[in-house]
Amino acid sequence: MNGFLYIDKPSGLTSRDVVNQLCKIYGVRKVGHTGTLDPLATGVLVVAFGRGTKLIEEVTATQKVYQATVQLGKMTDTLDCTGNVIQESSFVTPSRSELEKVLASFQGPSFQEVPLYSAVRVEGRRLYDYARKKDSVTLPKRAIHIYEIHLLEVTKDTFSFQVRVSKGTYIRSLIRDIGTMLGIPCTMSSLVRMKQGNIALSDCVSLSDVTKATPLHSFDEVLAMYPSYTVSKADEKRVINGAKITNPSYTDKVRIYNMDHQLLALYQVDEHNTAYLKVAVLLKVD
């Protein structure tokens, strides 16, 4: 059983909870997700089965689009509405123009401090372990990129926005930093992942609707953003064995097909125009 399932993750479940339920539904064990969503969050969760798990890192690395709602005047220890309030103050609701200016200032590359309540490891321990035991720790910073960000709605004590980001971006941390720039404590009250790579929320199925008969999406669909290259019969065996091939005529990653239009592998192209196995061989004789 090989392929992908696009789930609209419900609020209240961890990403691992979703994977565990799907393991039971399909009666399989080799299953993994391609990018954690907090229990509070909903939206696109791409789940890999069988040889699809070879592509988890690749799919996780794709850009993501989120819609978030922000509560003004409060900050919690978890940076979302599930945590304990650690800062609270009165405020004047920012104007739409002020919010738009502040949001725009975050566009581009930057370094973001990760949240304390996260699974990031520092000296072999998860940060949330430091938080629960009240141990001191220096929060690491990670390089991120915010490609697009724009304001959606503004009310007296909330606002919402949509953002397209790189892998590793924490929207909770972004909201914390927006609040710092506004001079108002802020916390995330809702989050929806609208898109991951080329997979949109409209492509997803509700977890409650999944049955053993629900079909999986093919590797071709998940990797559709990459160009394709067809190899000869002689090179087909080389690809299946993970060998390099020359002159694929592309400059990044490329889908490798055989002459029967079967997807063999996802390869990386180097500066010498040689394709080498970096990602995964997908076609195997079972």
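The values are calculated or read from the model by the stated rules, or taken from the named source; none is laboratory data. If you're wondering where the values come from, they're calculated on a predicted model, not measured in any experiment. Cβ coordinates were reconstructed from backbone atoms using ideal geometry, including for glycine residues, and neighbour counts include every protein chain displayed.
Worth a mention:
- Only listed residue being outside any helix (DSSP H, G or I) and at pLDDT 95 or above, chosen from Leu22, Leu5: Leu5
- Within the range 53-85, the set of residues being more than 20 Å from Pro39 (Cβ to Cβ), at pLDDT below 95 and in contact with a strand residue (DSSP E or B) (Cβ under 9 Å, 6 or more places away or on another chain) comprises Thr53, Lys54, Leu55, Ile56, Glu57, Glu58, Val59, Thr62, Gln63.
Conditions tested, residue by residue: (1) out of contact with any Phe, Trp or Tyr (no Cβ under 7 Å at 6 or more places or on another chain); (2) among the basic types (Lys, Arg).
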| site | (1), (2) |
| --- | --- |
| Lys9 | yes, yes |
| Gly50 | yes, no |
| Thr60 | yes, no |
| Ala68 | no, no |
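- Members of the range 137-146 that are touching an Asp or Glu at 6+ places or on another chain (Cβ under 6 Å) and part of a loop (DSSP other than H, G, I, E, B): Leu139
- Checked against the criterion of being surrounded by fewer than 16 Cβ atoms within 10 Å (Cβ to Cβ), in contact (Cβ under 8 Å) with a residue 12 or more places away in the chain, under 17 Å from Tyr170 (Cα atoms) and in the same structural domain as Thr155 (by TED's automatic domain parsing), the candidates Ala119, Ala68 yield just one match: Ala119.
- Residue in the range 176-192 that is crowded, with 21+ Cβ neighbours inside 10 Å, of a type in the set (Gly, Ala, Ser) and in contact (Cβ under 8 Å) with a residue 12 or more places away in the chain present: yes
- Any hit, the range 104-111, residues being among the polar types (S, T, N, Q) and touching a residue at least 40 places away in the same chain (Cβ under 8 Å): yes
- Check on Ala104, surrounded by fewer than 19 Cβ atoms within 10 Å (Cβ to Cβ), among the small types (Gly, Ala, Ser), outside the structural domain of Val44 (by TED's automatic domain parsing) and at pLDDT below 95: no
- Leu139 being in contact (Cβ under 8 Å) with a residue 24 or more places away in the chain and either farther than 26 Å from Gly43 by Cα or exposed (fewer than 14 other Cβ atoms within 10 Å of the Cβ) (or both): yes
Yes or no, residue by residue, for (1) at pLDDT 95 or above; (2) assigned by TED's automatic domain parsing to the domain that holds Lys101; (3) not in a strand (DSSP E or B):
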{"position": "Lys156", "(1), (2), (3)": "yes, yes, yes"}
{"position": "Phe159", "(1), (2), (3)": "yes, yes, no"}
{"position": "Lys167", "(1), (2), (3)": "no, yes, yes"}
{"position": "Ser173", "(1), (2), (3)": "yes, yes, yes"}
{"position": "Asp177", "(1), (2), (3)": "yes, yes, yes"}
{"position": "Met188", "(1), (2), (3)": "yes, yes, no"}
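Yes or no, residue by residue, for (1) in contact with an Asp or Glu (Cβ under 8 Å, 6 or more places away or on another chain); (2) surrounded by 13 or more Cβ atoms within 10 Å (Cβ to Cβ); (3) in contact (Cβ under 8 Å) with a residue 24 or more places away in the chain; (4) of a type outside the set (Gly, Ala, Ser):
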| site | (1), (2), (3), (4) |
| --- | --- |
| Val210 | no, yes, yes, yes |
| Thr214 | no, no, yes, yes |
| Ser228 | no, yes, yes, no |
| Glu236 | no, yes, yes, yes |
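- Leu99 meets the stated requirement of being among the aliphatic types (A, V, I, L, M) and within 15 Å of Met181 (Cβ to Cβ).
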